[in-house]
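**Student:** Below is the structure I would like to discuss, written out as structure tokens.
What follows is calculated from the coordinates using simple rules that are stated; it is not laboratory data. Source: prediction; values computed, not measured. Cβ placement follows ideal geometry from the backbone for every residue including glycine, while neighbour counts extend to all protein chains displayed.
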Amino acid sequence: MRQRVEEARFVLRTFAGAGMLRPENPLRLAKSIDALRSWGTSIAGGYASAAIRRPDSIALIDDDGALTFAQIDSRANALARGFISEGIGNGDGIAVMARNHRHFVETTIAADRIGADLIFLNTMFASPQVSDVCDREAPVAIVYDDEFAEVVAPAAESRKKFVAWTDEPDEAGTQARTLDQLRSGQITEPLSPPPSPGRIIILTSGTTGTPKGAQREQPSSLVPAASLLAAIPLKAGETTLIAPPLFHSWGMAHFSMALMLGSTIVLQRGFDPGESLAAAARHGATALVVVPVMLQRMVDLPEAALAGVDLSRLRIIAASGSALPGELAIRAMDRFGDTLYNLYGSTEVAWATVAGPSDLRAAPGTAGVPPHGTTVRLFDDQDLPVTGLGVTGRIFVGNGLGFDGYTGGETKQQISGLMATGDVGHFDHAGRLFIDGRDDEMIVSGGENVFPREVEDLIADHPGVTEAAVIGVADDDWGQRLRAYVVCASAGAPDEAELQELVRERLARYKVPREVLFIDELPRNATGKVVRRELAAD
């Protein structure tokens, strides 16, 4: 009981500090509470509540302009009814391959309104990956931007298909109906909640590099949300520019946080460092969400590129997705002020630690400290606790955001209720976590997870290649980049460009090795396994 009281106080104190508890119109507040009772704290409930409490406030700004909370709510209701008219309902799956824009957001709300499952596809996936994921997850429909029509074509053959964003609306309907056409003529009145809620499935990579569907149960309390707000001081009713894709955990997390805060989100279909900063200034953004490679490109901009760009309102630059080099953290704060917050986590564990400006100044390169309600512990290879400052161990996390396992049935290792992140690290004297590397062979490049086996097998299938090994090497821009070591046959040997194109045609672009080095033989141990550390030391 005492713990519950303390948690309630923490939530109220944090929400009050974020400006979420303020006097409101009693009638609107009552109707808003009724909406949340009906829908819960889901995305569908969040927009239903926001449309009542602040109907005329700007909810979203994208490449097509601005929409209020009331407009998005009505458009999502019409789209939900459009899906129903197509026979899509509770428990069905809808795959989405789209960039950041209103149609992505409205599809997410509409699917939640009918209790459909959403499978977010990475826009860098190649066609075979899209097909593999759709074969496993079995969505009944695919929503995609027109630019991805060829990529999704094989997977869409036996499924309903709808175009989200198109630059040629009059021509897009020749192959598939657009979402605007689907919602046309549908009523916009609220729907009744479905018998069971839908799920959002965010894809990660499996042990062979095949994307896995990660699913997580809804939080049973408001403590996790309050914990993130206490660590990253976002405020209600402000403006957040979300640069990472919404299909990523980091982008979706800030989409959800902005909804809870009643904030405006700014979305752009493509990322350009100068334009993103200019857009943040133009719309008065107080928060800018990035992954480290985006931040790197912003920091590297010449001064002339930002002439006249007023970032005085920018209070928070929130980064996550891959390792944040200490040098980059210092350079970013020297240029944009002490506004940088770096979150370390994963799709499976959500977040583990957050490093604020003071942490990053005092200990550049740190992943920070666990926020309120989060436990981070280190274990050795025998699953025993690691003690002592500076001693490396495998990182395990618990924070009340339960991971339900992958849709294929696998899960992550757990010890004492804590889940493995797959990384190894150590703590310093101030309780700050440092990431030392992976406890497996996974490569994280620009926030994307890559397992080398899939790339190695593809390269080795080339008739002029005998064998190949792929490793990750440090990269100032991407955290890591892929380097392939290739042993060629005596005849028909390919060059670097040919192998890179081979991977580009079959796999996601982030799996293309930036370098291909040709060697006489791969270093192996007594059992025949490739000794990757010898390659890494090259």
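**Student:** If I model a spin label as a point 7 Å beyond the Cα along the Cα-Cβ vector, how far apart are those points for Leu36 and Gln414 in nm?
**Tutor:** My value for the distance between the label points is 2.8 nm.
**Student:** Search the structure for amide H atoms under 5 Å from the amide H of Val465, placed 1.01 Å from N in the peptide plane, and list their residues when 5 or more places away or on another chain.
**Tutor:** Ala489
**Student:** Once you have a ≥ b ≥ c as the square roots of the Cα gyration tensor eigenvalues for the range 56-198, tell me rounded if a/c is under 1.5, and otherwise prolate or oblate according to whether a/b is larger than b/c.
**Tutor:** Taking the square roots of the gyration eigenvalues as a ≥ b ≥ c, the range 56-198 is oblate.
**Student:** I've got another one for you. For Ala153 and Ala497, calculate 0.36 nm times their separation in residues minus their Cα-Cα distance, and state this gained length in nm to one decimal.
**Tutor:** Here the segment from Ala153 to Ala497 would lengthen by 121.1 nm.
**Student:** May I pose another question? So, by mean Cβ neighbours within 10 angstrom, what's the order for 333-341, 38-46 with the highest one leading?
**Tutor:** 38-46, 333-341
**Student:** Ok, one more. Please state the relative contact order of the chain as a whole percent: Cα pairs under 8 Å, 6+ residues apart?
**Tutor:** After rounding, I find 11 percent.
**Student:** Then there's this: Just name one of Tyr144, Ser192, Ile84: the one whose Cα is farthest towards the positive end of the charge dipole of the range 56-198 (beta-carbon charges, Lys/Arg +1, Asp/Glu -1).
**Tutor:** Value computed over the given set: Ser192.
**Student:** For Thr353, what residues show an amide H to amide H distance below 5 Å, using hydrogens built from the backbone and excluding near sequence neighbours?
**Tutor:** Distant-sequence amide H within range of Thr353: Tyr344.
**Student:** Further question on the same structure: What is the extension gain from Asp334 to Ala66, computed as 0.36 nm multiplied by their sequence separation minus the C-alpha to C-alpha distance, in nm to one decimal?
**Tutor:** Fully extending the segment from Asp334 to Ala66 adds 93.2 nm.
**Student:** Another question about this same structure. Express the C-alpha Rg of the range 271-354 as a ratio against the empirical globular expectation 2.2 N^0.38 Å, rounded to two decimals.
**Tutor:** 1.08
**Student:** Here is a follow-up. Given R₀ = 45 Å, what would the calculated FRET efficiency be for Leu384 paired with Met124, taking r from the Cβ atoms and rounding to 0.05?
**Tutor:** Efficiency at R0 = 45 Å is approximately 0.70.
**Student:** Answer with one residue from Leu267, Thr107, Thr374: the one whose Cα lies farthest towards the positive end of the charge dipole of the chain, charges on Cβ with Lys, Arg +1 and Asp, Glu -1.
**Tutor:** Of the listed residues, the answer is Thr374.
**Student:** Can you order the peptides 353-359, 157-163, 395-401 by their average number of other Cβ atoms within 10 Å per residue, highest first?
**Tutor:** Ranking the peptides 353-359, 157-163, 395-401 by packing returns 395-401, 353-359, 157-163.
**Student:** Relative contact order for the range 443-536: what is it in percent, counting Cα pairs under 8 Å that are at least 6 residues apart?
**Tutor:** 27 percent
**Student:** In addition: Taking 7 Å along the Cα-to-C-beta vector as the label spot, tell me the Arg361-Thr188 distance in nanometres, rounded to one decimal.
**Tutor:** Rounded to a tenth, the inter-label distance reads 4.8 nm.
**Student:** How big is the range 443-536 along each principal axis, measuring the range of its Cα positions in Å and listing the largest first?
**Tutor:** In descending order, the Cα extents are 36, 32, 19 Å.
**Student:** Continuing with the same structure: Just order 226-237, 499-510 by mean Cβ neighbour count inside 10 Å, highest at the front, would you?
**Tutor:** Taking the mean over residues of other Cβ atoms within 10 Å, the ranking is 226-237, 499-510.
**Student:** I would also like to ask the following. Hey, got the dipole for the chain? About the Cα centre, +1 on K and R Cβ, -1 on D and E Cβ, debye to the nearest 20?
**Tutor:** 2420 debye
**Student:** To the nearest 20 debye, what is the magnitude of the charge dipole of the range 224-438 about its Cα centre, counting +1 on the Cβ of each Lys and Arg and -1 on the Cβ of each Asp and Glu?
**Tutor:** 440 debye
**Student:** Beyond 32 Å between alpha-carbons counts as too far, so tell me which of Lys160/Lys212; Lys212/Lys235; Lys160/Lys235; Lys31/Lys235; Lys161/Lys212 fall in that bin.
**Tutor:** Long pairs (Cα-Cα over 32 Å): Lys212/Lys235; Lys160/Lys235.
**Student:** Report the full-extension gain for the segment Ala474 to Val531: residue separation times 0.36 nm, less the Cα-Cα distance, to one decimal in nm.
**Tutor:** Full extension of this stretch gives 18.7 nm more.
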